[in-house]
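The values are calculated or read from the model by the stated rules, or taken from the named source; none is laboratory data. From a predicted model like this one, the values you see are computed outputs, not experimental measurements. The protein model used for the area step is the full one, side chains on, heavy atoms only, and it has no ligands, DNA or RNA in it. Shrake-Rupley method; radii C 1.70, N 1.55, O 1.52, S 1.80 Å.
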Amino acid sequence: MAFKDQATMIKYNNEFSKKAYDHIHLTVPKGQKEAIQEYARAKGENVNAFISRAIREIMARDKTSE
């Protein structure tokens with residue numbers, strides 16, 4: 001999709017994100033952010049994908065151990 005300018009593209013992306021995704025604000029101790037970013041990058045993922053995968057895997061593991 002082509003946009004006339006960057007502001008229009010950002011507005012579109014923000015509106016789409018609000019409709020399509022739930023957002024969670026995550027706070028970590030100083031220095032941990034960089035460690036998470038490096039780990040995710042080493043695994044070929046971005047931070048969001050890494051954290052989402054970790055949550056799904058832990059939830060599935062906990063569900064089978066109940």
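Provide the convex hull volume over Cα atoms per residue for the chain, in Å³. Walk me through the numbers on the way to the answer.
On the way: hull volume 10.9 nm³, N = 66.
Per-residue hull volume (Cα only) is 165 Å³.
Where the accessible area of the chain is counted over protein heavy atoms with a 1.4 Å probe, how much of it, in %, is carbon and sulfur? Working shown, then result.
Values: 3510 of 6360 Å².
Looking at the chain in its full context, I get 55 percent from C and S.
Hey, what's the chain come to in accessible area per residue, 1.4 Å probe, Å²? Show your work: numbers first, answer last.
Working: 6360 Å² over 66 residues.
Accessible surface, normalised per residue, equals 96 Å².
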**Asked** For the chain: lysine pairs with Cα atoms under 23 Å, gap of 8 or more or different chains, count?
**Response** 5
